[in-house]
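The values are calculated or read from the model by the stated rules, or taken from the named source; none is laboratory data. Here the structure is a predicted model, which means the values were calculated and not measured. Please note: Cβ atoms are built from the backbone with ideal geometry, for glycine as well, and neighbour counts cover all protein chains shown. Accessible surface areas use protein heavy atoms only, side chains included; no ligands, DNA or RNA. Shrake-Rupley method; radii C 1.70, N 1.55, O 1.52, S 1.80 Å.
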Amino acid sequence: KQMLKSRTLREIVKSRILGECLQKAEDISDGQWLLLILDDRSTGILTSICENFEIKQKASVMWSLNKASKTKAPPNGADVVYFITPSYNSVKLMCDSFSSHQTNSFYRVHCFFTSALKPQSLQIINESSIVPRIKSFDECNIDFYFADADIVHLKHHSPLSILSTNQNLFETEKNDTIQQVLSLLLTIGDVPRFRYAKNSTAARYIAFELDAEITTLRERRAFNFRSSYSTPTVLIVDRSFDLLTPLLHEVTYRSIVYDLIGPEHKLYGEIQKLNDTDEDWNHFSRLPFYQCFDLVKDRLEAIRVKQSQERQLESSFSLMKEKHNLEKHLNILTYCWEEWTKQSLHDVFKWEQEMVTGRKENGDEVTTTELGEKLVQLLQDQSIQKRIKIRLLMICVFRGIPQETINVLSEKAGLSDLEQKNLTLFGQLVPKDVPVPTKTAQNKDILDAVQQAKDFVRRVAVLTQNLSGNKESGLQSKFIPKIRDLIKTLMSDPHKCDELYPTTKQAPVAPSTRGFTPTWHHELNPKNPRIIVFVLGGITHTEMVEVQNLASEDKREIILAGSTILTPLSFVDAVSVKDTGLSAKQFQLQQQQQ
């Protein structure tokens, strides 16, 4: 029972795939080896859940669905396991593989789908020659990707379409969003209460559609929902509820590696493997990256001393494994520090914090003049990437800086007409009620930031040592993402959220499951209902860290989900448009007319 309480969502899903799906196929195989066939999407889902060696312990060989459909001579004596998405193309490719005599060498077929099959796909299966061979057939409801133990995303390619005035962009993704979030809720197995952001049409639509889907499944008894001590809450918001957090650099190890290391970098493959199965990553990911650098160096030095004293082979092997993992982290951290210095991100980070909190590192109030002078210096600094400068100007737009001032600053940054258009477009997305910083110390926004800094002791700056050996005051973010305060309110007094985040209806009561006892999920604290937050448009690494910290502090299970994962630069790209042939002034006039 204690083991079950400590299981994370990733461990739950992993046990379903390895312990139920693949194990079931292995038990039926009678010693025949298993061939696992995946499509592109299911490959990404599976590799975000399981390590390769864990999969290969169950399935001897893995093929892509395209390869399986084109291979003329499949291996003899294999039972085949399909773990694919229920899309028309994937199902047709699977069935077409059995329309030829070449596949007679396959013995049995086991079909597992990431989510519910549609009638069209079922018809294709019923009419194919694969049916007599099928020994296992299941809809797994695992149509999402893991970023961490209790953090998932949908990997949408245009996640910010919900912020666009073009309704067609949202239409292309809304159905996928509903089905993927539904698969997450069915995996958890509770009957939740749905809340949504009142000012978001997209969030309201998704919430009511999900509520209707759950209600239908309960009425038809098509899914065995589990009994729960308390009703969990599913909160659905869109990215417009907090456009500031995705724009800010964060200095935690988790945030900085994804901020500075892109898909084109040779280290990207290494950081893709960083997850909750790595104990060092669990320890370091929420700490400032420069603090991690010192901790890793100290650990490595301790290992070197211990290795010189150890002579037992088993102990030495354990130390070698630990040393190898720490050296991997040291390599990543060294690169991050070099880029941090090279791109003057220390100065960028300081300006960001002063701009959004209204306070300097020592707590003194920062004046508008000081902010302006520092910003001009950053915009004219040739070592800073232009996309970072655009991001800084977007922060200014968010904080209500007049358009005339933005235009002057854009010229100092050397922005093109297209880049100035994107700043104008971003201004259309910013809520009109955002408080603007002023020179007075009585500004509520500034006072709130100071109070937040006092409330969270862990945000006090620490002394650290950089690569050159000189000590400096380590920077730590004083900015609190909005999602933290929102979740804290949901935990302490949910009724305070009723006005801005209403429920679709009153709390549902799960029907009796007639003796069904769930064995693969327990709440961390039965008195504290589970909270699931889904952000249409994407989540940030900063928000992941905040939610993980909050879950640890409150001993509560909090699951964070989003359309995708955003970094500061990917967010800038997502809210940018391609060249339309209009000048900046023409574009602004067109937006005003619309």
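What to note about this one:
- Remark: region 562-569, residue by residue, has Karplus-estimated 3J(HN,Hα) of x, 4, 7, 10, 9, 10, x, 6 Hz, where x stands for each Gly or Pro and the curve is 6.51 cos²θ - 1.76 cosθ + 1.60 at θ = phi - 60°.
- The listed residues 94, 62, 491, 320, once ranked by accessible area (1.4 Å probe) with the largest placed first, stand as 320, 62, 491, 94.
- Assigned charges on the beta-carbon of Lys, Arg, Asp, Glu; region 173-284 dipole about Cα centre (debye): 660 debye
- With the simple spin-label model, which puts each label point 7 Å out from Cα in the Cβ direction, the residue 128 to residue 488 separation comes to 5.3 nm.
- Proximity of backbone amide H atoms, modeled 1.01 Å from N, is registered between residue 63 and 36, 37, 38 at under 5 Å, excluding neighbours fewer than 5 places apart on the same chain.
- Within region 213-272: Cβ-based charge dipole about Cα centre, in debye rounded to nearest 20 (Lys, Arg +1; Asp, Glu -1): 480 debye
- Note on residue 319 and residue 302: the model spin-label points, each 7 Å out from Cα along the C-beta direction, lie 1.3 nm apart.
- For residue 221 and residue 330, the difference between the fully extended length at 0.36 nm per residue and the C-alpha to C-alpha distance is 34.0 nm.
- Taking a ≥ b ≥ c as the square roots of the Cα gyration tensor eigenvalues, region 370-426 comes out oblate, since a/c reaches at least 1.5 and a/b does not exceed b/c.
- Listed by chain and number, the aspartates and glutamates whose alpha-carbon sits under 14 Å from that of residue 306, ignoring those within fewer than 8 places in the same chain, are 298, 314, 322.
- Those GluC sites (Glu not before Pro) in region 197-298 that DSSP places in a loop and that have at most 10 other beta carbons within 10 Å: 264
- Given 174/266; 297/386; 174/198; 198/350; 350/386; 155/482, the pairs whose alpha carbons are separated by over 27 Å: 174/266; 297/386; 198/350
- Options 334, 356, 292, ranked by Cα towards positive dipole end of region 256-399, top entry (Cβ charges): 334
- Residue 361/residue 138 FRET efficiency (R0 51 Å; Cβ-Cβ; nearest 0.05): 0.40
- Residue 364 contributes about 80 Å² of solvent-accessible surface, heavy atoms of the protein only, 1.4 Å probe.
- Among the trypsin sites (Lys or Arg not before Pro) in region 269-343, those placed in a DSSP loop whose Cβ has at most 14 other Cβ atoms within 10 Å are 273, 311.
- Heavy-atom accessible area per residue - region 276-387, 1.4 Å, Å²: 54 Å²
- Region 334-411: mean projected area of Cα convex hull, nm²: 5.5 nm²
- Derived value for region 202-354: Kirkwood hydrodynamic radius 19.7 Å. Basis is the mean of 1/r over every pair of different alpha-carbon atoms.
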